[in-house]
Amino acid sequence: SDTPVNVTVTGAAGQIGYALLFRIASGQLLGASTKVKLRLLEIPQAVRAAEGTALELQDGAFPLLAGVDVFDDPKGAFSGANVALLVGARPRTKGMERGDLLEANGGIFKPQGEAINAGAADDIRVLVVGNPANTNALIAQRNAPDVPAERFTAMTRLDHNRAVAQLSAKLGVTAGDIRNVTIWGNHSATQYPDIVHATVAGRNAAEAVGDQQWLENEFIPRVAKRGAEIIEVRGASSAASAASAAIDHVYDWVNGTREGDWTSAAIVSDGSYGVPAGLISSFPVTSSGGRWEIVQGLDIDAFSRARIDASVAELEEERSAVERLGLI
Ligand code: NAX
């Protein structure tokens, strides 16, 4: 269509932002026939750097890019937003307790939720990337009471893609041959990457691997701790892969998941699989008609149940902590 879609990106001057913005501008977020207008939000100290990125975006001469505006206030940045990618967050610094981290991020995601509530477009879709992503998404969602809760999501697609990649490497196939992998729970070290229902070329993947030791002692911890591995090897945290996963998440949300497959996204729980309603937790999901749906009816074995429960318990603790802080 000729009307551009307004895409707001926070943390635009950061390293994920740098990788993400060029892929959005090239049409990979929404498809090759949708014009986009970028609205970049940064803190005042980083606005100049964001403006530099805006100059580079202009120099890309992207046919679908209808404009780039830079903001230092959430109200302006989210005004008219159709898609919002919340990447900027307060990182955990040395000696910081989890409560301090949640409080500092509450100072970011509460006003951003309020600004989305006040001024975003009716079809707003929000993806939170900035950590702790699930609980930051919960804070934003609960501060946007006029927006349907289902429009707030948090990113576990990078974890999902990492799981697919590890499994495909183990089986000597390409990522596209793997289906029905799930990340459950929190985007944290407690997440549960689940291949019980995964298939490779139509065959059960766990059976094809045939090695429960590998699954428990290599696959699960490697996926859950992949972020630390990247930092150790690259000398900086995941950026392009995180941007790529954010693109995948929004693209699938808008355009649908492929037939016979599902993906993973942290969405507001409706109580499915015993995950308390209202928590933003990762599930196996399909998308069609622009809506996520939780895949129903999967058998959950005892091993999976314990892993899911542990990660969900962590999310409940985080929710209690932000309740105590008055953030939700
Ligand atoms: P950077 O530190 O490079 O960039 C963050 C940017 O956010 C900075 O430019 C900062 O000025 C900006 N910012 C801070 N507060 C802001 C606010 N209130 N409004 C607007 N902008 C603000 O971090 P980067 O590597 O880009 O990572 C961004 C976030 O993604 C981090 O929280 C990180 O932990 C998280 N990640 C989440 C992942 C996921 O799978 N969900 C994976 C990758 C990544 O680790």
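The values are calculated or read from the model by the stated rules, or taken from the named source; none is laboratory data. Not measured: the values here are computed from a predicted model. When we count neighbours, we look across all protein chains shown, and the Cβ atoms used for this are built from the backbone with ideal geometry, even at glycine.
Some points to look at:
- Single condition residue 112 does not satisfy, out of (1) over 18 Å from residue 321 (Cα atoms); (2) more than 8 Å from the ligand (Cβ to nearest atom); (3) under 18 Å from the mean Cα position of the chain (by Cα); (4) part of a helix (DSSP H, G or I): (2)
- The residues listed here are 30, 38, 21; of these, the one that is assigned to a strand (DSSP E or B), more than 9 Å from the ligand (Cβ to nearest atom), outside the structural domain of residue 249 (by TED's automatic domain parsing) and not small (Gly, Ala, Ser) is 38.
- Residue check for residue 76: under 22 Å from residue 140 (Cβ atoms), assigned to a helix (DSSP H, G or I) and touching a helix residue (DSSP H, G or I) at 6+ places or on another chain (Cβ under 9 Å): yes
- Close pairs (7 angstrom Cβ cut-off, 6 or more residues apart or separate chains): over 19 Å from residue 240 (Cα atoms) and more than 11 Å from the ligand (Cβ to nearest atom) in segment 132-161, at pLDDT 95 or above and basic (Lys, Arg) anywhere: 135/319; 138/319; 139/110; 143/110; 150/291; 151/125
- Taken together, the residues in segment 186-214 that are free of Cβ contacts under 8 Å to residues at least 60 places away in the same chain and under 15 Å from residue 302 (Cα atoms) amount to 3.
To keep it simple, each residue is scored yes or no on (1) part of a helix (DSSP H, G or I); (2) more than 17 Å from residue 153 (Cβ to Cβ); (3) of a type in the set (Asp, Glu); (4) within 16 Å of the ligand (Cβ to nearest atom).
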residue: 233; (1), (2), (3), (4): yes, yes, no, yes
residue: 236; (1), (2), (3), (4): no, yes, no, yes
residue: 249; (1), (2), (3), (4): yes, no, no, yes
residue: 252; (1), (2), (3), (4): yes, no, yes, yes
residue: 257; (1), (2), (3), (4): no, no, no, no
residue: 260; (1), (2), (3), (4): no, yes, no, no
residue: 270; (1), (2), (3), (4): no, no, yes, no
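- Taken over segment 185-227, the criterion of being crowded, with 20+ Cβ neighbours inside 10 Å, under 18 Å from residue 175 (Cβ atoms) and among the small types (Gly, Ala, Ser) is satisfied by 198, 205.
- Only one entry in 80, 95 is free of Cβ contacts under 8 Å to residues at least 40 places away in the same chain and of a type outside the set (A, V, I, L, M, F, W, C), namely 95.
- Of the residues 269, 281, 288, the single one that is touching a Gly at 6+ places or on another chain (Cβ under 8 Å) and surrounded by fewer than 19 Cβ atoms within 10 Å (Cβ to Cβ) is 288.
- Boolean, residue 182 is away from the ligand (no atom under 12 Å from the Cβ), under 23 Å from residue 297 (Cβ atoms), in contact with a Ser or Thr (Cβ under 8 Å, 6 or more places away or on another chain) and hydroxyl-bearing (Ser, Thr, Tyr): yes
- Single match in 77, 49, 104, 120 (criterion: small (Gly, Ala, Ser), within 11 Å of the ligand (Cβ to nearest atom) and buried (at least 20 other Cβ atoms within 10 Å of the Cβ)): 77
- The test for being outside the structural domain of residue 227 (by TED's automatic domain parsing), more than 22 Å from residue 118 (Cβ to Cβ) and not in a helix (DSSP H, G or I) holds for residue 68.
- Qualifying residue in segment 310-326 (condition: assigned to a helix (DSSP H, G or I), of a type in the set (Ser, Thr, Tyr), crowded, with 17+ Cβ neighbours inside 10 Å and modelled with pLDDT of 95 or more): yes
- Top-ranked residue of segment 123-180 - restricted to ones that are of a type in the set (Asp, Glu) and assigned to a loop (DSSP other than H, G, I, E, B), ranked as surrounded by the most Cβ atoms within 10 Å (Cβ to Cβ): 123
- In this structure, residue 235 does not satisfy being on the phi > 0 side of the Ramachandran plot and crowded, with 16+ Cβ neighbours inside 10 Å.
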